Every structure is written in structure tokens, then in C-alpha cells.
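The values are calculated or read from the model by the stated rules, or taken from the named source; none is laboratory data. Here the structure is a predicted model, which is why all the values come from computation and not from measurement. Glycine also receives a Cβ, built like all others from the backbone with ideal geometry; neighbour counts cover every protein chain displayed.
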Number of protein chains: 2
Amino acid sequence: MLYIVFYDISDDGMRNRVADVLKKKGLVRVQYSVFIGDLNSARLKDVVASLRVLYRSNKEGRFSVMILPVTQAMFNQRIMIGDEFKENEDKIIW
Amino acid sequence: MLYIVFYDISDDGMRNRVADVLKKKGLVRVQYSVFIGDLNSARLKDVVASLRVLYRSNKEGRFSVMILPVTQAMFNQRIMIGDEFKENEDKIIW
């Protein structure tokens, strides 16, 4: 199933660690703080467990992550406003 | 149709202005930077237009908003990790 992961994390270092974990787990970055990935239940549990570990180590500031199942059709109807994300080594889904 | 609005905005003042606009437009806050609302196409266009005005006035820092159609069933399967949002005057959807 396709999942979208949004996060709002105020600490720059922690935000980068979350992005690294999501990349390592095979998700693809879509926006500054939005990743998407096709995850079976085992991989989903693995992603959730890793993010919970990071949350417990978060010292200060906002740490809020939402993981939401989504269909490709709905994802294709997304509306983006604002800065485009440019991290060329990532395979970006437009 | 149900829409989820997720934003990653580094400037505190701008982030509050976006939240105020979304509240005024009748969306409900679910997490620090996540709102949800049942919008027809006219209201959706209105929300998008208002957010674009704010984006154009954004001086510095990240300003990234994603609006995504979602079904109630999918929304109910969301996984939240991290700080719970507490703004008691808001009607929060759990």
C-alpha cells in the first residue's frame, strides 16, 4: 500500500535524521517534509518503530509525524503551494 | 470531498497566519501543521488562492504546503508519532 509521511520537526538536526531514516527505508522524498513509499505491513511497522525511537530521543521543539495511506490516484491530485524541493540525488515523484 | 492540508513553514509568524486562514475557512486542526476539511471545489479554490497570497508574501525560510484529497476511511488509518496537538478551542478530529 502507498503511504505518505508528513513531518513537522523544528530541530534541523532531528529533521535531517528523520529524512535519512525514511530514505534508508526506501521512501522517496516529494517535498521538504513529505515522503511517499509503497510499504507492506512489515516495512510500515519498521518505519514506525524507527520514527518512534527518534521521537523518544528528541530533546526540544516540535516533533510531529503523520503517516497516511493514500492511493496513487489521490496522490496525483495533490496541490502543492510554495517552495519546490530540489535534492537532485533523490528520485522525485511529480 | 475531504482534503488534508499539511504545511512545513519555518517562520513562526507565517505559520500562525496560515493556521488562522485555514481555521477561518472552516478547516479543523488535527496536528501542529495538519488541517482537514470537507471542501467543495469553490471552497478548495478559495483556500488555495489564500495560501498562494501568503506564499508570495513569505520573506524567508521554508514555505511548503501540500493539499491532498483523502477518504475518511484512509484518514482513520493514519498513524501519528510525536507531540499531540492541544489547542482546546479547536474541535480536534481523533
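Residue by residue through segment A:21-46, note down the ones that are touching a Gly at 6+ places or on another chain (Cβ under 8 Å) and not hydrophobic (A, V, I, L, M, F, W, C).
A:K25, A:G26, A:G37, A:R43
Only one of (1) within 25 Å of A:Q77 (Cα to Cα); (2) part of a loop (DSSP other than H, G, I, E, B); (3) modelled with pLDDT under 95 fails for B:E89. Which number is that?
Looking at each condition in turn, B:E89 falls short on (1).
Find the residue count for segment A:60-78, including only residues that are charged (D, E, K, R) and farther than 13 Å from A:Y7 by Cα.
Taking segment A:60-78 as the starting set, the residues that turn out to be charged (D, E, K, R) are A:60, A:62, A:78.
Filter once more, so that each one left must be farther than 13 Å from A:Y7 by Cα: A:60, A:78.
Here the count works out to 2.
Taking the criterion of being within 11 Å of A:I81 (Cα to Cα) and touching a residue at least 60 places away in the same chain (Cβ under 8 Å), would at least one residue in segment B:48-65 satisfy it? Break it down into steps so the answer makes sense when it comes.
Restricting attention to segment B:48-65, the residues satisfying the condition of being within 11 Å of A:I81 (Cα to Cα) are B:48-56, B:63-65.
Subsequent filtering for residues that are touching a residue at least 60 places away in the same chain (Cβ under 8 Å) retains B:65.
Among the residues of segment B:48-65, at least one is within 11 Å of A:I81 (Cα to Cα) and touching a residue at least 60 places away in the same chain (Cβ under 8 Å), which makes the answer yes.
Determine whether segment A:72-81 contains at least one residue that is within 15 Å of the chain's Cα centre (by Cα) and modelled with pLDDT under 90. Give the derivation first.
Filtering segment A:72-81 for residues within 15 Å of the chain's Cα centre (by Cα) gives A:75.
Okay, now just the ones that are also modelled with pLDDT under 90, so none.
For segment A:72-81, residues within 15 Å of the chain's Cα centre (by Cα) and modelled with pLDDT under 90: absent.
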